[in-house]
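Okay, structure first, notes after.
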Amino acid sequence: MSLKGKVALVTGSSRGIGKVIALKLAEEGAKLVINYPVADEAESAQQVVEEIEDLGAEAIALQADVTAMEEVKGMVKEVKQEFDTIDILVNNAGITRDTLLLRMKEEDWDAVLDVNLKGAFNVTKAISRIMMKQRSGRIINISSVVGLMGNAGQSNYAASKAGLIGFTKSVAKELAPRGVTANAIAPGFIETAMTDQLSDKVVEQMLSVIPANSFGQPEDVADTALFLASEGAKYITGEVIRVDGGMTM
Ligand code: NAP
């Protein structure tokens, strides 16, 4: 088990891609922190904890809205009390508020930038001191191909995911001398609740531009996250890995 003894925090991991990443890291022996933003999700988060325990690994569920720095600090404090350290951070929490620019309300812009970009800043800042002190750590940011190529109707989401790539590279440069890597994963179309919301027409259009001729699964993203968290990726930092079936090659 390549991650035995490591502690991993995955934001927004009570469902979707975050949940599958958490399970994958746990399968490799990591101790997991399952983060969720609101009390309503406590039960799903607890179910993920139980699935992880069934794998023979340890896990705790902690509520914290990543947009709220005080909640994030409280979560990190609890992780330190429970597990003593944090070795792997996956900034996965993300939302969409899709609409064309002319119809986009200021609150649609703010909400998406707050969760997808400021959320990653808050959690990374809160854990970076721990990683720098221990002179090791892995930061994995879940961006999107939309941050690389843009998408009509997603100017807020594209800006947040492009911003996350710039953030990743800057953090990678700052923390590399301390043995901490920071990389981004840019998934294409992955089948989750997020993509379930799209109309059949959009889904059909998407499929027509994917050379692999199929949509990605959360496992495809989780396998890449596992690689970036593993010993084998220690000399990779500031990288953006696309997991998109060739969509943006
Ligand atoms: P999802 O099923 O909608 O899951 C998003 C997760 O983020 C949920 O657990 C959600 O919690 C959590 N979250 C939302 N706001 C939060 C906050 N303020 N604080 C903490 N957690 C919060 O989406 P997904 O498809 O798994 O997406 C996961 C990540 O992959 C996102 O960053 C997304 O942008 C990215 N991505 C997805 C795709 C795709 O095709 N699916 C493609 C590229 C990138 P609740 O359940 O409580 O809402």
Matching residues in segment 29-49 - criterion: being in a strand (DSSP E or B) and among the aliphatic types (A, V, I, L, M): L32, V33, I34
Matching residues in segment 54-70 - criterion: being at negative phi and more than 16 Å from the ligand (Cβ to nearest atom): D54, L55, A57, E58
Residue match in segment 78-93 (condition: open to solvent by 20 Å² or more (accessible area, probe 1.4 Å), of a type in the set (A, V, I, L, M), closer than 22 Å to V38 by Cα and in contact (Cβ under 8 Å) with a residue 40 or more places away in the chain): yes
Candidate set: segment 159-207, residues that are of a type in the set (D, E) and within 15 Å of the ligand (Cβ to nearest atom); chosen: the one least open to solvent (accessible area, probe 1.4 Å): E191
Residue within segment 95-116 that is open to solvent by 10 Å² or more (accessible area, probe 1.4 Å) and under 21 Å from I210 (Cβ atoms) present: yes
Count of residues meeting criterion [at positive phi and within 9 Å of the ligand (Cβ to nearest atom)] in segment 1-41: 2
Options A8, A26, A39; residue that is within 15 Å of A126 (Cα to Cα) and hydrophobic (A, V, I, L, M, F, W, C): A8
Which listed residue is more than 16 Å from G137 (Cβ to Cβ) and among the aliphatic types (A, V, I, L, M), from L89, L23: L23
Lone unmet requirement of (1) in contact (Cβ under 8 Å) with a residue 60 or more places away in the chain; (2) surrounded by 23 or more Cβ atoms within 10 Å (Cβ to Cβ); (3) more than 30 Å from A162 (Cα to Cα) for I52: (1)
Residue, farthest from P187 (Cα to Cα), within segment 118-158, restricted to residues that are open to solvent by less than 10 Å² (accessible area, probe 1.4 Å) and among the polar types (S, T, N, Q): N122
Condition check for S214: open to solvent by 70 Å² or more (accessible area, probe 1.4 Å) and more than 21 Å from R138 (Cα to Cα): no
Neighbours by Cβ (under 6 Å, 6+ apart or cross-chain): first from segment 125-138, touching a residue at least 60 places away in the same chain (Cβ under 8 Å) and part of a helix (DSSP H, G or I); second aromatic (F, W, Y) and surrounded by 16 or more Cβ atoms within 10 Å (Cβ to Cβ): none
Criterion: modelled with pLDDT of 95 or more, under 20 Å from I140 (Cβ atoms), among the aliphatic types (A, V, I, L, M) and assigned to a helix (DSSP H, G or I) - qualifying residue of I60, I52: I52
Qualifying residue in segment 106-113 (condition: in a strand (DSSP E or B) and among the aromatic types (F, W, Y)): no
Residue in segment 216-223 that is in a helix (DSSP H, G or I), within 15 Å of the ligand (Cβ to nearest atom) and small (G, A, S) present: yes
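The values are calculated or read from the model by the stated rules, or taken from the named source; none is laboratory data. Remember, predicted model here, so these are calculated numbers, not experimental data. Cβ coordinates were reconstructed from backbone atoms using ideal geometry, including for glycine residues, and neighbour counts include every protein chain displayed. Just the protein is used for accessible areas: all its heavy atoms, side chains included, with ligands, DNA and RNA removed. Shrake-Rupley method; radii C 1.70, N 1.55, O 1.52, S 1.80 Å.
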